[in-house]
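Data block below; observations after.
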Amino acid sequence: MVFSDEEITHLHRIYKTVLQMLRDRNYVVSDAELNMSRQEFKSNFGDHMKREDLFINKSYKNNPSDKISVFFVNDAKIGVKTVRGIIQRMLTESVSRGVLICQNPLSHYGRAAVSEMASKCRLEIFLEDELLVNITMHYLVPPHQVLTDAEKRALLNKYTVKETQLPRILMTDPIAKYYGLRRGQVVRIIRPSETAGRYVTYRYVV
């Protein structure tokens, strides 16, 4: 299959956003990868590239054994067999976290397969259209910082509140999806303030 120029541009933008997302999650991504031009992208993967060729595997900065895999699938519609095959590959390669980039939403059975294996590995689902633009770079989106467990405990002790008393953010929120937030985590949001210079709020992931 030969992709048109428009399709190559489409995939290059998605690929770049994925790499930015992984770096923002503290996985090791080089500057050369992040700055890959469209021409370099085309040269690296060729005119006859398949989406599967865009597979990415990265290690966490503070723990090289903690890996994440990103899967691209050529099929416009992804069936349960493909989902189970990806999950089995993750289990075989001891990868506890994965990202599946789809052209169209998963079927009910595909989503069920992901849920069934959630206790063994986590597979996040993104549509290609969701990754054409990095939403965190939009001027209306303030910086978000994911708190460590220690930072979360310090925050709750400082204000003598329970985590459930904090304002909430849904796991399905685009920002929460971008950072791969899990239920129970807390994120710090830094907004500009005309009086104080900046205004800090916190959200509890539900």
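The values are calculated or read from the model by the stated rules, or taken from the named source; none is laboratory data. Remember, it's a predicted structure, so these values are computed and weren't measured experimentally. Cβ coordinates were reconstructed from backbone atoms using ideal geometry, including for glycine residues, and neighbour counts include every protein chain displayed.
Of the residues in segment 8-49, how many are in contact with a Phe, Trp or Tyr (Cβ under 7 Å, 6 or more places away or on another chain) and among the polar types (S, T, N, Q)? Residues in segment 8-49 being in contact with a Phe, Trp or Tyr (Cβ under 7 Å, 6 or more places away or on another chain) and among the polar types (S, T, N, Q): 1 in total.
Return yes when Phe55 is in contact with a Lys or Arg (Cβ under 7 Å, 6 or more places away or on another chain), of a type outside the set (Asp, Glu) and either within 17 Å of Leu127 (Cα to Cα) or not assigned by TED's automatic domain parsing to the domain that holds Tyr179 (or both) and no when it is not. Judged against the criteria, Phe55 is not a match. Residues of segment 175-206 that are over 29 Å from Leu132 (Cβ atoms) and either charged (D, E, K, R) or in a helix (DSSP H, G or I) (or both): Glu194, Arg198.
The lone criterion from (1) at pLDDT 95 or above; (2) within 23 Å of Glu130 (Cβ to Cβ) left unmet by Ser59 is number (2). Output the residues belonging to segment 141-174 that are part of a loop (DSSP other than H, G, I, E, B), under 18 Å from Tyr199 (Cα atoms) and modelled with pLDDT of 95 or more. Residues satisfying the conditions are Leu147, Leu166, Pro167. Would a scan of segment 123-139 turn up a residue that is touching a residue at least 12 places away in the same chain (Cβ under 8 Å), farther than 21 Å from Gln20 by Cβ and not β-branched (Val, Ile, Thr)? Taking every residue of segment 123-139 in turn, none turns out to be touching a residue at least 12 places away in the same chain (Cβ under 8 Å), farther than 21 Å from Gln20 by Cβ and not β-branched (Val, Ile, Thr). Residues in segment 162-195 that are surrounded by fewer than 13 Cβ atoms within 10 Å (Cβ to Cβ) and farther than 25 Å from Phe126 by Cα: Lys162, Thr164, Gln165, Pro167, Arg191, Pro192, Ser193, Glu194, Thr195.
Okay, residues lined up against (1) at pLDDT below 95; (2) under 20 Å from the mean Cα position of the chain (by Cα); (3) of a type in the set (Phe, Trp, Tyr):
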site: Val2; (1), (2), (3): yes, no, no
site: Glu6; (1), (2), (3): yes, no, no
site: His10; (1), (2), (3): no, yes, no
site: Arg13; (1), (2), (3): no, yes, no
site: Asp31; (1), (2), (3): no, yes, no
site: Ser37; (1), (2), (3): no, no, no
site: Glu40; (1), (2), (3): no, no, no
site: Met49; (1), (2), (3): yes, no, no
site: Leu54; (1), (2), (3): no, yes, no
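Lys152 falls short on exactly one of the conditions (1) in contact (Cβ under 8 Å) with a residue 40 or more places away in the chain; (2) buried (at least 17 other Cβ atoms within 10 Å of the Cβ), and that condition is (1).
The condition (being in contact with a helix residue (DSSP H, G or I) (Cβ under 8 Å, 6 or more places away or on another chain), of a type outside the set (Asp, Glu) and at pLDDT 95 or above) is satisfied by just one residue among Lys120, Lys177: Lys177.
The residues listed here are Asp53, Asp24; of these, the one that is buried (at least 16 other Cβ atoms within 10 Å of the Cβ) and of a type in the set (Asp, Glu) is Asp24.
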